[in-house]
Amino acid sequence: MVGLPPEDDLLLLISDTARLIGTYADRLARRHGMTKAQWVLMLKLSRHPGLSQKDLADMMEVEPITVGRLVDRLEARGLVVREPDEQDRRIWRLRLLPAAEPIMQTMAGHRADIASMIVTRIPSATVETLRSGLMQVKGNVTCALRGAEANGEHQDSTLTAAQ
């Protein structure tokens, strides 16, 4: 892809699009006195109740201290609770409290609005092709990352289309 204008570079296009969607979601969250990171944390907990802070940090691809601070804020608002792990007293399990339900409903509405907005004026067949292609891209990258981890290597721009 050498020589292509930046707007035609697929890697930049994917990255910029994801960043813009994130910025838009963060603006929506701020209207409700929250951050996108807090919403992501709550969404992950709604799907996986009882996660540890470390497991949640791994899922969110942030440091455990970052999750700790997010949980502190959500706990102070009465939305999340830390509960001791039954097997290991060093671990705190996290779950949403009932007060989080209205926020989860608001988030669901915003997620639906964002999903609709990003496909506006795109034919449904193209949307399905895009979805399928992005799922394959995600699978390719996931596979490359697993291969790098298994080999103890760091992979860079040597990803191939054959993966």
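Only the coordinates and a few stated rules stand behind these numbers; no lab work does. Quick caveat: nothing in here was measured; it's all calculated off a predicted structure. Heads up, the Cβs are rebuilt from the backbone with ideal geometry, glycines too, and the neighbour counts pull from every protein chain shown.
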Inset, instruction - Collect residues whose amide H, placed 1.01 Å from N in the peptide plane, falls under 5 Å from the amide H of V80; neighbours closer than 5 in sequence don't count. - result: E75, L97
Legend entry - Options L45, A148, M104, ranked by Cα towards positive dipole end of the chain, top entry (Cβ charges): M104
Inset, instruction - Count the net charge of all other residues whose Cβ sits under 14 Å from the Cβ of L130, scoring Lys and Arg as +1 and Asp and Glu as -1. - result: +2
Legend entry - Cβ-defined net charge surrounding D113, 13 Å radius [Lys, Arg +1; Asp, Glu -1]: +3
Legend entry - Euclidean distance between Cα centres, the range 20-78 to the range 79-97, Å: 16 Å
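Hey, got the dipole for the chain? About the Cα centre, +1 on K and R Cβ, -1 on D and E Cβ, debye to the nearest 20? All intermediate terms of the calculation are to be shown ahead of the outcome.
Working: 21 positive and 21 negative charges, 145 e Å.
The dipole magnitude comes to about 700 debye.
Run the numbers on the chain and let me know its relative contact order in percent, using alpha-carbon pairs under 8 Å that are six or more apart. Mind showing how you got there, number by number?
Values: 109 pairs, mean separation 22.3, N = 163.
Once divided by the residue count of the chain, the mean separation gives 14 percent.
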Legend entry - Relative contact order %, the range 59-150, counting alpha carbon pairs below 8 Å whose residues are six or more apart: 14 percent
Inset, instruction - Match the structure shown to one of the listed values (i) 53, 43, 25; (ii) 78, 34, 23; (iii) 74, 41, 33 of Cα extents along the principal axes in Å, computed from it, and give that label. - result: (i)
